[in-house]
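Peer 1: Here you go, one structure.
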Amino acid sequence: MTRSLVLGASGGIGAALAARLGREGDVVGLSRSGDGLDVTDAEAVDRVLGALDPAFDVVMVATGILAPEGHAPEKALDAIDANAMARTFAVNAIGPALVLRHMPRLLAPGGRVGVLTARVGSIGDNRMGGWYSYRAAKAAANQVVRTASVELARRVKGSVVAALHPGTVETPFTEGYKAKKLSPEESADRLIGVLLGLEETGVFRDWKGEAVEW
Ligand SMILES: NC(=O)c1ccc[n+]([C@@H]2O[C@H](COP(=O)([O-])OP(=O)(O)OC[C@H]3O[C@@H](n4cnc5c(N)ncnc54)[C@H](OP(=O)(O)O)[C@@H]3O)[C@@H](O)[C@H]2O)c1
């Protein structure tokens, strides 16, 4: 039976991931609003994750923000605000790093970690511009994931660590977007299938399983 951990289980995609993984086995779902797991607070991360018993077969990191409250993704250089940018990095890039710090202890041999980043974090694929803080923070998160995958391959035998793009999903995150959206359930279902089907670690994949350019 699979034992899973979902961080950001209060979010649109996180809740669907927890429900989907609950059909496979035991799930521990944690969030900032429910459990005090604020990923920008290193002590909170250590307290909440330090209290968990190992070991998990699947870990999904589904926390993230598009922009801090009162801010929106930047349309131009003039809109860059240092504090908002730092906050976006704290949640989207440093947060997953603080979580990954616990994986050597929490991950089962052969365990799999998926970190939800975003296609717009791809540097090679960036042709539209804009969204400086979110794009840069997700690119940093991708580098953290890739680097952790190298270390965890040595420290947790058979581990797989991947950056995942969930698609454009109908959640509070995409409120006001006109684009065609996936349901959180469909995204969660596809993401789990992609993560469980991976044959190599340190990859960046979308919800269809297609490689995304770093
Ligand atoms: N939706 C999309 O189309 C889309 C596209 C590409 C990438 N993504 C990525 O997918 C992930 C999940 O997105 P979503 O659509 O499910 O968003 P969502 O519904 O807004 O959920 C966001 C989650 O992040 C948590 N969170 C925010 N700040 C946090 C903090 N400081 N510490 C801990 N948790 C924090 C929220 O927790 P609380 O509610 O408990 O505060 C919530 O669980 C994000 O990383 C996002 O960048 C989403």
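The values are calculated or read from the model by the stated rules, or taken from the named source; none is laboratory data. Being a predicted model, the structure only gives us computed values, none of them experimental. Ideal geometry is used to build each Cβ from the backbone, glycine not excepted, and the neighbour counts take in all protein chains shown. For accessibility, only protein heavy atoms count, side chains too; no ligands or nucleic acids. Shrake-Rupley method; radii C 1.70, N 1.55, O 1.52, S 1.80 Å.
Peer 1: Counting only residues that are closer than 25 Å to Leu30 by Cα and open to solvent by 40 Å² or more (accessible area, probe 1.4 Å), which one in segment 74-95 is nearest to the chain's Cα centre (by Cα)?
Peer 2: Ile94
Peer 1: Suppose we keep only residues that are among the hydroxyl-bearing types (Ser, Thr, Tyr) and at pLDDT 95 or above within segment 172-214. Which one would you say is surrounded by the fewest Cβ atoms within 10 Å (Cβ to Cβ)?
Peer 2: Applying the filter and picking the extreme gives Ser183.
Peer 1: Still on this structure, I have one more. Looking at the structure I just gave you, is Arg32 within 8 Å of the ligand (Cβ to nearest atom), open to solvent by 50 Å² or more (accessible area, probe 1.4 Å) and at pLDDT 95 or above?
Peer 2: yes
Peer 1: Let me ask something additional. Give the residues of segment 174-212 that are among the polar types (S, T, N, Q), farther than 11 Å from Gly114 by Cα and in contact with a helix residue (DSSP H, G or I) (Cβ under 7 Å, 6 or more places away or on another chain), sorted by residue number.
Peer 2: Of everything in segment 174-212, just one residue is among the polar types (S, T, N, Q), farther than 11 Å from Gly114 by Cα and in contact with a helix residue (DSSP H, G or I) (Cβ under 7 Å, 6 or more places away or on another chain), namely Ser187.
Peer 1: Within segment 107-150, which residues are part of a helix (DSSP H, G or I) and without any contact (Cβ under 8 Å) to a residue 12 or more places away in the chain?
Peer 2: Gln143, Thr147
Peer 1: I would also like to ask the following. Please state which of the following conditions Pro166 fails to meet, knowing it meets all the rest: (1) within 17 Å of the chain's Cα centre (by Cα); (2) within 13 Å of the ligand (Cβ to nearest atom); (3) over 19 Å from Ser10 (Cβ atoms).
Peer 2: (3) is the only condition that Pro166 fails.
Peer 1: Please find, among Leu30, Leu98, Leu52, the residue that is more than 18 Å from the chain's Cα centre (by Cα) and touching a residue at least 12 places away in the same chain (Cβ under 8 Å).
Peer 2: Exactly one residue qualifies, and that residue is Leu52.
Peer 1: Pull up segment 47-73, narrow it to residues that are within 14 Å of the ligand (Cβ to nearest atom) and charged (D, E, K, R), then point me to the one that is surrounded by the fewest Cβ atoms within 10 Å (Cβ to Cβ).
Peer 2: Glu69
Peer 1: Here's another thing I want to ask about it. Does segment 9-23 hold any residues that are charged (D, E, K, R) and either surrounded by 22 or more Cβ atoms within 10 Å (Cβ to Cβ) or near the ligand (Cβ under 8 Å from one of its atoms) (or both), and which are they?
Peer 2: Residue satisfying the conditions is Arg20 alone.
Peer 1: Let me ask something else. Within 25 Å of Pro73 (Cα to Cα) and away from the ligand (no atom under 16 Å from the Cβ), is that true of Arg127?
Peer 2: It is true that Arg127 is within 25 Å of Pro73 (Cα to Cα) and away from the ligand (no atom under 16 Å from the Cβ).
Peer 1: Additional query: Note down all Cβ pairs under 7 Å where the first residue falls in segment 1-20 and is free of Cβ contacts under 8 Å to residues at least 12 places away in the same chain, the second is more than 8 Å from the ligand (Cβ to nearest atom) and not in a loop (DSSP other than H, G, I, E, B), and they're at least six residues apart or on different chains.
Peer 2: The qualifying pairs do not exist here.
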